[in-house]
Amino acid sequence: MAAAAILELDPSHERAGRVIDNIVRLERRIFPKHESLARSIHDELKRRNSGLIYMTSSGVAGGDGDEVVGYAMYTCPTSLCASITKLAVKESCRRQGHGEALLAAAVERCRRRRVQRVSLHVDPARTAAVALYRKTGFQVDATVVGYYAPQRDAYRMYMDL
């Protein structure tokens, strides 16, 4: 398998609309409606200190080159702390290292901005995601009760850079 390229979304590029449409479709398939950024992704991308990186199927076995197979969104509101706000990989492309590569690239972009800590929230029931975050150096800081819904908590995890 060829190494998949990780690209930074440039909203002014002619293919940005296609990329965003792909991401919206992935969002709708992967996340429950109330957790999906599908409706607010354009607003999220306008935030001054946020970024979106993505991976297309051109570097994935059997891929046609244009389909988004994974993406990560991050925000760096202060020089002290950044947040990974989304990390998702298409189901048929999981367990191939794409999530880890996207996470590492997002963390590296935060590091370049001289951020001291990166944090994220994850549903403890998403055991594969929790394992990925632990493997890459994140640790659980706290359990946030009712973060996703009244009976759905989240781990707040962080990594010091």
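The values are calculated or read from the model by the stated rules, or taken from the named source; none is laboratory data. Just so it is clear, the structure is predicted and the values come from calculations on it, not from any experiment. Here the Cβ is made from the backbone with ideal geometry for all residues, glycine too, and neighbour counts use every protein chain on show. Protein only, heavy atoms only, side chains kept; ligands, DNA and RNA dropped before computing areas. Shrake-Rupley method; radii C 1.70, N 1.55, O 1.52, S 1.80 Å.
Data overview
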read-out	value
Helix 16-30 axis, angle to the chain major axis (alpha carbon atoms, nearest 10°)	50
Solvent-accessible area per residue for the chain (1.4 angstrom probe, square angstrom)	56
Protein accessible area in the chain, 1.4 Å probe - carbon and sulfur %	47
Cα-based Kirkwood hydrodynamic radius, the chain, one decimal, Å	16.1
Local electrostatic count at V144 - Lys and Arg +1, Asp and Glu -1, tallied over other residues with Cβ under 12 Å	-1
Total formal charge among the other residues, if their Cβ is under 12 angstrom from that of I53, Lys/Arg +1 and Asp/Glu -1	-1
Per-selection Rg to Rh, the stretch 98-161 - Cα, Kirkwood hydrodynamic radius	1.00
Length-normalised contact order of the chain in % [C-alpha pairs under 8 Å, at least 6 apart]	17
